[in-house]
Every structure is written in C-alpha cells, then in structure tokens.
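Note sheet for the following structure.
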Amino acid sequence: NFPSSKGLICKFGLSVFGFVTWQSSSKVFCTVPRLPPGNVTVTLISETDDSHKGGLSFEVLPDLEIQSLSFTSSPASGGAVLQVTGNGFDAGTECVFGQVKMQSVTFDQTHLSCEVPTGVPGAVPFFVQSPSRGHSSDLPFVYLDYSEPAIHWMSVSSGSAHGGTIVA
C-alpha cells in the first residue's frame, strides 16, 4: 500500500530515478527517464523505510531513426514505393508525408517500405512514427510536377509560310 507519493522513488536500473505520481493506495505511476536501449529492472523505493518493492523488467526501446531513403522526390501523382533504412522499426511503424499517414511494410527493425501518396508539388516533411516509439526526425521530401505540357493560349494564331513569326 502507498499512503502517498511523498517519499517514494522509482528506480530504473542501478542508479537512474524517475518521477513518481500517486494514483491511489494501490497504484502509482513512474515516469521513465531518458535511458539507453535495453532491459532495466524497475523498483519502487520508500525513503522512510528504505524498502524496495517490485523488481520487474522494463525494456527501453531504441528511438526511431531514418538513415536513408531510396529516393527523396517523387511525382505528385504518387504510387512509387519508398524504401526506408534506419533503426527501431516495428509492425506499427507508419510513414508520414506532410500530414498524410501511410501504412508501411516492415521487414525488420532496420528496413521498411511504404507507398508514396498523391501530393501537391513542393516539399513536405517526411518521418516515420510508431505508437510505442514516437517519431523520427523530419527529412525533406519533394513532390515533383510532371504534368504534361499543354498550350492554353497563343499570342498569334497564324504566320507566314516563309517562317519567322514568333509565337508566344
């Protein structure tokens, strides 16, 4: 039983401490501090009697990281399949192009692919995100305008058979 969070400390591993929030006499929340990836033992320590409670294992997952993209620009019509190399990918990892989320096919923790959605010509931030690991840093992704050239207006509609007329 936990009378209050006063005097309670969450310990992660050998010496790293997290913030404790008291919920009830039977529940407390511990905020995980920044830790390197790997497994740590979590214990709850009472300052008043120096007792340790818990001793359960917690896995610190690596941050999501993008190391490379198979390409950084694509036609605005979308449809190309982007290959992403990095770290920390899992089955829930999504690709985000600006505001558009796309499901990915995750091959392993370092490789995934996703289809490029349609977009407006110009640059958008690209990143990957996962419910369990947050999101990576942004990289610029550029939508290209590959529309077919078309003539919508001409300055003149006829010219000499000898040539030389300038059409703008």
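Derivation of every value follows stated rules applied to the coordinates shown; laboratory data play no part. Remember, predicted model here, so these are calculated numbers, not experimental data. Glycine gets a Cβ as well: all are built from the backbone with ideal geometry, and neighbour counts include every protein chain shown.
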Simple spin-label estimate for residue 60/residue 35, 7 Å along Cα→Cβ, in nm, reads 0.6
Longest the chain segment clear of trypsin sites (Lys or Arg not before Pro) sitting in DSSP loops (not H, G, I, E or B) with at most 14 other Cβ atoms within 10 Å runs 35-168
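With charges only on Cβ, +1 for K and R and -1 for D and E, what is the dipole size of the chain about its Cα centre, in debye, rounded to 20? Write down the numbers at each step before the final one.
On the way: 7 positive and 13 negative charges, 88 e Å.
Computed about the Cα centre, the dipole is about 420 debye.
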Plugging the Cβ-Cβ distance of residue 166 and residue 146 into 1/(1 + (r/R0)^6) at R0 = 35 Å yields, to the nearest 0.05, a FRET efficiency of 0.80
Percent antiparallel among DSSP beta bridges confined to the range 49-159, rounded to 5, stands at 90
Once the dipole of the chain is set up from charges on Cβ (+1 Lys and Arg, -1 Asp and Glu), the residue from the list 93, 78, 113 lying farthest towards its positive end is 93
For Rg/Rh (Cα atoms, Kirkwood Rh), with candidates [x] 0.99; [y] 1.36; [z] 1.26, the value calculated from the shown model is option [y]
